[in-house]
Amino acid sequence: MKKIISTIVASIFVTCLLSGQNKDSLQLYPDFQKREVQVIKQIWNTTDNAAGMGYSNVNSGSLTSLNKYYSNGDHHRVQEGSANNGLTFSTERYDRFSKKVYVRGSFAFNMNTEKDRAWSDVVNTYNSNPYIFGSSVRGDYGSQNFDLNLKVFSVKQNGLNYGFTINYHVADISRQRDPRSRTYVLDYSVIPSVTYSFNSNNSIGVNLNYRFDKEKMPGLSTVQTDPNLKYYTFSGLENAIGRIGGYRAFSRQFIGDNVGGALQYNFKNKNVNWLISIGMDAAWQETLGDKKQSPGSFNSFNYNILSNLLIQKNHYLHNFIFNIKIKDSGADEHRQNLVSSRDTLTGITTENWVTIYTYKNRFVSQTSDMNFKWDLYSLKKSNDSYNWRVGINAGYSSFSNVYYLPKSDYSAGRLVAGLSSTYVLTVKKQQKLFFEGRFNSGINTGAELNLASQTEISENILIPDLEFHKRNTAEVYGSVKYTFPLQFVKNSRLSGYAKLYGGNLFAGKANWSNFGFAIGILTL
């Protein structure tokens, strides 16, 4: 009976779609391409400065989508899973709050299952806080992520634009096999911003930001008792301690603060729109356990340089984006003693961990990412949509991790280059097919691992990871998207899309494949 009801509901839904496409053919429906071009031209949206978004607005409307995806393969790092199976719901809207105030809001929910993951029960495993923890037993991890973003910005008033951004993220990640961990994540930031226009061609901007993040794992549990089950706490590279039954009464949390800012300059005339942004922020993160126990702290300085250039001439739109991100971070390691004190009046004994010595920057991590992208759009006569797009991209990324006394180091670099294209075919009036293809190649520029000692961690994690970084890769990707008008209610103005996509990354004998489908609705 359930199958029959589902079939009837699906048939009614499809019938509504098809009938909706035949009605009111002269009615103007929202166009996905027009929205895409408007978002591209709103180049301030690629920075944290919301005030600059007032220079080039996007038409009011909402884009809502549902994406189902699946990926699997053996080209992944040891502390990552062998497959991901998930669903993402997202919605984004541009609107006018008042005559001089505009808003952009977005919400996303992701539900994911990561298969066969081990050695890490934290969110940020690599090139981050080294005081992570996990089990060598592989298991499935289920996660739920909620992301909320709000940008409020004004139009020009005496040369000044004002903006404000709020980012809010929460997550719940649970391990489905003994020892069972459950991690809670809270991450939010507030970013005030302002821009000033000297004239119609030159503008400057500045934004400040404060971010708070907390990742808490309050404890572990087991369904079955295994007398040989180990739990590991890490301190950097091959240095870790595995204790039998170490999961009992174990808890840990990371609490961090981040402050920073950025400066922007924008030049704009009839054919050129160029934005440059230079930013920096500093982060401090404490690692805390029970009774003020702390293996150490983690700090980082992050630098970001962005150049976004738009050139429009003769019905062609060029978009050049160049971005550099550098992270310089280090971890201090604490030596602590457990101190007990007894209140003679109440007889209550309290215990606290007291730091007696700190190794400054015992673990140091540096990462860099440089990316360049050029997209060429062949615009239609109206200049608000396009017929096709071609693009090239190139980039370089590297990392270096060093643990001192005794010294061990691990580093790797990778050069990436690729081509991409999109072709739009109009099937019928207001119905289109998008064909997209992409090819990327990755070349290892060097991977080295020098360890002071051979341990269980080096044999099971670091040495296999080194082989991962030594592989050269080739990636192919393709998708087909169909857009069409919808009319569920009379005089409603809706457009929908359906998309199929898939790709594969080849890395010698290893590979990683991904595929999925998505549906969405665009409203005015």
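Structural remarks
- Qualifying residue in region 149-169 (condition: under 30 Å from Gln224 (Cα atoms) and either open to solvent by less than 40 Å² (accessible area, probe 1.4 Å) or among the acidic types (Asp, Glu) (or both)): no
- Scanning region 359-370 for residues that are polar (S, T, N, Q) and open to solvent by 40 Å² or more (accessible area, probe 1.4 Å), we see that the one that is farthest from the chain's Cα centre (by Cα) is Asn361.
- Residue tally, condition buried (at least 18 other Cβ atoms within 10 Å of the Cβ) and of a type in the set (Asp, Glu), over region 279-331: 1
- Residues of region 243-266 that are open to solvent by 30 Å² or more (accessible area, probe 1.4 Å), part of a strand (DSSP E or B) and in contact (Cβ under 8 Å) with a residue 24 or more places away in the chain: Gln253, Ile255, Asp257, Val259, Leu263, Tyr265.
Here's the yes/no breakdown for (1) touching a strand residue (DSSP E or B) at 6+ places or on another chain (Cβ under 6 Å); (2) not aliphatic (A, V, I, L, M):
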| residue | (1), (2) |
| --- | --- |
| Phe164 | yes, yes |
| Asp178 | no, yes |
| Leu186 | yes, no |
| Phe198 | no, yes |
| Asp213 | yes, yes |
| Gln224 | no, yes |
| Phe234 | yes, yes |
| Tyr247 | yes, yes |
| Gly256 | yes, yes |
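- Residue check, Phe234 surrounded by 18 or more Cβ atoms within 10 Å (Cβ to Cβ), part of a loop (DSSP other than H, G, I, E, B) and of a type in the set (Phe, Trp, Tyr): no
- Any hit, region 462-469, residues being under 24 Å from Asp74 (Cβ atoms), in contact with an Asp or Glu (Cβ under 8 Å, 6 or more places away or on another chain) and not aliphatic (A, V, I, L, M): no
- Filter pass, Gln264 being modelled with pLDDT of 95 or more, polar (S, T, N, Q) and within 22 Å of Ser128 (Cβ to Cβ): no
- Taking each residue of region 468-483 that is in contact (Cβ under 8 Å) with a residue 24 or more places away in the chain and farther than 16 Å from Ser513 by Cα and looking for partners that are among the basic types (Lys, Arg) and open to solvent by 40 Å² or more (accessible area, probe 1.4 Å) with beta-carbon atoms closer than 6 Å, six or more apart or interchain, yields Lys481/Lys499.
- From the list Asn504, Asn472, the one residue that fits, being surrounded by fewer than 14 Cβ atoms within 10 Å (Cβ to Cβ), in contact with a Gly (Cβ under 9 Å, 6 or more places away or on another chain) and under 29 Å from Gly86 (Cα atoms), is Asn472.
- Verdict on Asn352 being open to solvent by 50 Å² or more (accessible area, probe 1.4 Å), assigned to a strand (DSSP E or B) and touching a Gly at 6+ places or on another chain (Cβ under 8 Å): no
- Selection count, region 371-396, where residues are hydroxyl-bearing (Ser, Thr, Tyr), open to solvent by less than 40 Å² (accessible area, probe 1.4 Å) and assigned to a strand (DSSP E or B): 3
- Candidates Asp116, Asp140, filtered to the one that is within 30 Å of Gly236 (Cα to Cα) and surrounded by fewer than 16 Cβ atoms within 10 Å (Cβ to Cβ): Asp116
- Residues of region 55-85 satisfying the condition of being at pLDDT 95 or above, β-branched (Val, Ile, Thr) and in contact with a strand residue (DSSP E or B) (Cβ under 6 Å, 6 or more places away or on another chain): Thr64
- Among residues of region 171-201, those that are open to solvent by less than 40 Å² (accessible area, probe 1.4 Å) and outside any loop (DSSP other than H, G, I, E, B), counted: 14
The values are calculated or read from the model by the stated rules, or taken from the named source; none is laboratory data. Note that the structure is a prediction, hence the values are computed from the model and not measured. Note: ideal-geometry Cβ built from the backbone for every residue, glycine included; neighbour counts use all protein chains shown. To get the accessible areas, we keep the full protein, side chains included, count just its heavy atoms, and leave off ligands, DNA and RNA. Shrake-Rupley method; radii C 1.70, N 1.55, O 1.52, S 1.80 Å.
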